[in-house]
Amino acid sequence: MTKLLYSDCNRKTLKMNRNNVVMNDSYEKQIASFIAAGNVVIGKPEKVLGDFSLNFQSGKNSSITFSEGCILNNVSINMENGNGVWKVGKKTYIRGRYFIGAGSKIEIGDQTAMNRHVLIVATEGASIIIGKDCLFSDITMSTTDWHSIIDDMTGERINPAKCIVIEDSVWLGENVTIQKGITIGKNSIIGSRALVTKTIPPGSLAVGIPAKIIRENVRWQRALIPMDFLPAEPY
């Protein structure tokens with residue numbers, strides 16, 4: 001499928017393509033305004049479901065890329081500072097809120113899916129890179145603390161923004177929080193409500209607050225393999 005560069009299109013072209021995509025008028029109007037303000041949109045989602053919000057105010061020189069077959073479901077994107085990058089891969093299923101600051105980017109790999117709402121924030125020039133075939137529930141990750149921590153002796157800020165990397169085939173369970181500067185290795189699983197404060201090696205199962213590795217050399221798959229149940233543990 002040939003990518004459509006929105007910045008090369010006018011409203012007439014946008015309407016001609018509506019028959020190929022499940023879309024809503026609000027989405028198309030916001031995209032057109034985004035482009036008119038000096039930004040670029042490449043490609044087009046296969047479907048836009050629920051609410052779509054694109055906040056850019058006066059921000060310019062940002063880019064959004066929709067790869068083939070991606071689906072948006074109740075998505076909010078904030079690029080109000082301009083000079084940001086938001087890119088989603090092929091056959092992705094995207095939900096949630098995304099904040100991209102100036103010089104920052106969020107990239108989501110092919111076939112990654114969000115089962116529930118997510119909050120993903122990349123700002124202060126730092127980036128969040130998410131691999132392919134990942135599965136997220138209602139997770140949170142941010143490259144910034146939002147406020148400054150100052151060393152009283154020097155007067156300098158001591159909490160810089162840090163990038164986040166989620167490698168291929170990572171499963172993040174419900175209410176997981178990923179702190180800045182973290183890399184989660186491929187095939188890893190992070191259990192429900194975990195707070196990840198340290199980098200997780202590939203093939204790890206980590207749970208808890210803070211998250212601790214309880215098993216290594218594992219991987220996961222979407223299909224549930226039949227298995228006998230176990231009784232609850234006795235007193």
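The values are calculated or read from the model by the stated rules, or taken from the named source; none is laboratory data. What you see is a predicted model; the values in this text were computed from it and never measured. As a convention, Cβ positions derive from the backbone with ideal geometry for all residues, glycine included, and neighbour counts pool all protein chains shown.
Within region 1-49, the residues that satisfy the criterion of being modelled with pLDDT of 50 or more, of a type in the set (Ser, Thr, Tyr) and either within 17 Å of Trp86 (Cβ to Cβ) or surrounded by fewer than 11 Cβ atoms within 10 Å (Cβ to Cβ) (or both) are Tyr27, Ser33. Contact map, region 74-101: residues that are more than 15 Å from Thr140 (Cα to Cα) paired with residues that are of a type in the set (Asp, Glu) and in a loop (DSSP other than H, G, I, E, B), Cβ distance under 7 Å, separation 6+ or inter-chain. Pairs shown: Gly89/Asp110; Lys90/Glu68; Lys90/Asp110; Lys91/Asp110; Thr92/Asp110; Gly101/Glu124.
Listed here are the residues, each with its yes/no results for (1) touching an Asp or Glu at 6+ places or on another chain (Cβ under 9 Å); (2) touching a residue at least 24 places away in the same chain (Cβ under 8 Å); (3) among the hydrophobic types (A, V, I, L, M, F, W, C).
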position	(1), (2), (3)
Gly203	yes, no, no
Ala206	no, no, yes
Ile214	no, no, yes
Arg219	no, yes, no
Leu224	no, no, yes
Phe229	no, no, yes
Pro234	no, no, no
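State yes or no: is Gly125 crowded, with 18+ Cβ neighbours inside 10 Å and either out of contact with any Gly (no Cβ under 6 Å at 6 or more places or on another chain) or assigned to a loop (DSSP other than H, G, I, E, B) (or both)? No; evaluated as a whole, the condition is false for this residue.
Here is a yes/no grid of residues against (1) part of a strand (DSSP E or B); (2) under 22 Å from Asn78 (Cβ atoms); (3) free of Cβ contacts under 8 Å to residues at least 40 places away in the same chain:
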| site | (1), (2), (3) |
| --- | --- |
| Ile106 | yes, yes, yes |
| Arg116 | no, yes, no |
| Asp133 | no, no, yes |
| Ser148 | no, yes, yes |
| Pro160 | no, yes, yes |
| Lys186 | no, no, no |
| Lys198 | no, no, yes |
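Checking the structure you have, find out if any residue of region 144-153 is within 16 Å of the chain's Cα centre (by Cα) and at pLDDT 95 or above. Yes; the residues of region 144-153 include at least one that is within 16 Å of the chain's Cα centre (by Cα) and at pLDDT 95 or above. All conditions but one from (1) within 14 Å of Ile71 (Cα to Cα); (2) more than 9 Å from the chain's Cα centre (by Cα); (3) among the β-branched types (Val, Ile, Thr) apply to Ile100; the one that does not is (1). Taken together, the criteria place Arg193 among residues that are out of contact with any Ser or Thr (no Cβ under 8 Å at 6 or more places or on another chain) and in a loop (DSSP other than H, G, I, E, B). A residue that is under 21 Å from Asn39 (Cβ atoms) and modelled with pLDDT of 95 or more cannot be found anywhere in region 131-142.
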